[in-house]
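What follows is a set of notes on a single structure, which appears directly below.
The values are calculated or read from the model by the stated rules, or taken from the named source; none is laboratory data. What you see is a predicted model, and the numbers here were worked out from it, not measured in a lab. Every residue, glycine as well, gets a Cβ built from its backbone with ideal geometry; the counts of neighbours run over all protein chains shown. The protein model used for the area step is the full one, side chains on, heavy atoms only, and it has no ligands, DNA or RNA in it. Shrake-Rupley method; radii C 1.70, N 1.55, O 1.52, S 1.80 Å.
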Amino acid sequence: MCSQVGCDRSRSLVDICGQRHFQALVSDALAVPLRSGVCDACLSIAVIHHFSTQERRLAAINELVRLLRPGGRALIYVWAMEQEYNKQKSKYLKEKKVKQEEGSAPGNLQNSEVSDQVHAGKADEDCGFFTEKNRSTLSVHRNRTAFHSQDLLVPWHLKGGSQQSKGVGKSSESPAGSKASESSPVFHRYYHVFCEGELENLCQKAENITVRSSYYDQGNWCVILEKKLGMIF
């Protein structure tokens, strides 16, 4: 029998999983409360690019490896610095007008409906958001444009966060300077966007793994790792 379990630092997201009859638990990606070698496969989608140092990003990869059984595989997706690759623009740059909050990841990795529910009323303290009060001097990215630095903050503009219908707040993109954006809550989320080859090179520093493939997919760099046979921890 195949069993699947997810984890997230956001209690709100985990609660939504429960409402949809999925198994999920509140957890830090650097310390997942599961036994070593218990997973046949692990997915890390749009997670590792939120860690602010290379040491923490590598620690997150090593934690995935710890969870895998020997021969098990992990798929990792991170946001790419190159949103135009092989003379083709990513979906992120092409879709100028979408019904999705600012900061949505390339390839539609972020689910706007789920995000609406998580942030109806206020931001979850564990979601990795920065408010105006604690925002650092990092540059703030302009949504749906090319990146100019690897470390930046992405603004999420939430529309109608205080209004709820059936317990779900409505959110959408609001142009900067508009009345909607001025009245909407704005949260800044940290990203480290990866350059070509960076994710693969980082993974090669991880313990007891083989990089099976590395590729680009709609504005994301991706790798598939395999844990070496005979390695438990």
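Of the numbered criteria (1) at negative phi; (2) open to solvent by less than 20 Å² (accessible area, probe 1.4 Å); (3) of a type outside the set (Val, Ile, Thr), the one ALA46 fails is (1). Taking the criterion of being outside any strand (DSSP E or B), at pLDDT 55 or above and not hydroxyl-bearing (Ser, Thr, Tyr), the residues of segment 133-165 that qualify are LEU138, HIS141, ARG142, ASN143, ARG144, ALA146, PHE147, HIS148, GLN150, LEU158, LYS159, GLY160.
At pLDDT 85 or above, hydroxyl-bearing (Ser, Thr, Tyr), out of contact with any helix residue (DSSP H, G or I) (no Cβ under 9 Å at 6 or more places or on another chain) and open to solvent by 30 Å² or more (accessible area, probe 1.4 Å) - does that describe any residue in segment 202-212? Checked segment 202-212: at least one residue is at pLDDT 85 or above, hydroxyl-bearing (Ser, Thr, Tyr), out of contact with any helix residue (DSSP H, G or I) (no Cβ under 9 Å at 6 or more places or on another chain) and open to solvent by 30 Å² or more (accessible area, probe 1.4 Å). Give the number of residues within segment 36-71 that are outside any loop (DSSP other than H, G, I, E, B) and under 22 Å from ARG189 (Cα atoms). Total satisfying the criteria: 14. When segment 166-201 is examined, which residues are found to be modelled with pLDDT under 95 and either under 18 Å from GLU82 (Cβ atoms) or part of a helix (DSSP H, G or I) (or both)? If the condition is that a residue be modelled with pLDDT under 95 and either under 18 Å from GLU82 (Cβ atoms) or part of a helix (DSSP H, G or I) (or both), then LYS179, ALA180, SER181, GLU182, SER183 are the ones that fit. Checked against (1) of a type outside the set (Ser, Thr, Tyr); (2) assigned to a strand (DSSP E or B); (3) open to solvent by 60 Å² or more (accessible area, probe 1.4 Å), PRO33 passes all but a single condition, namely (2).
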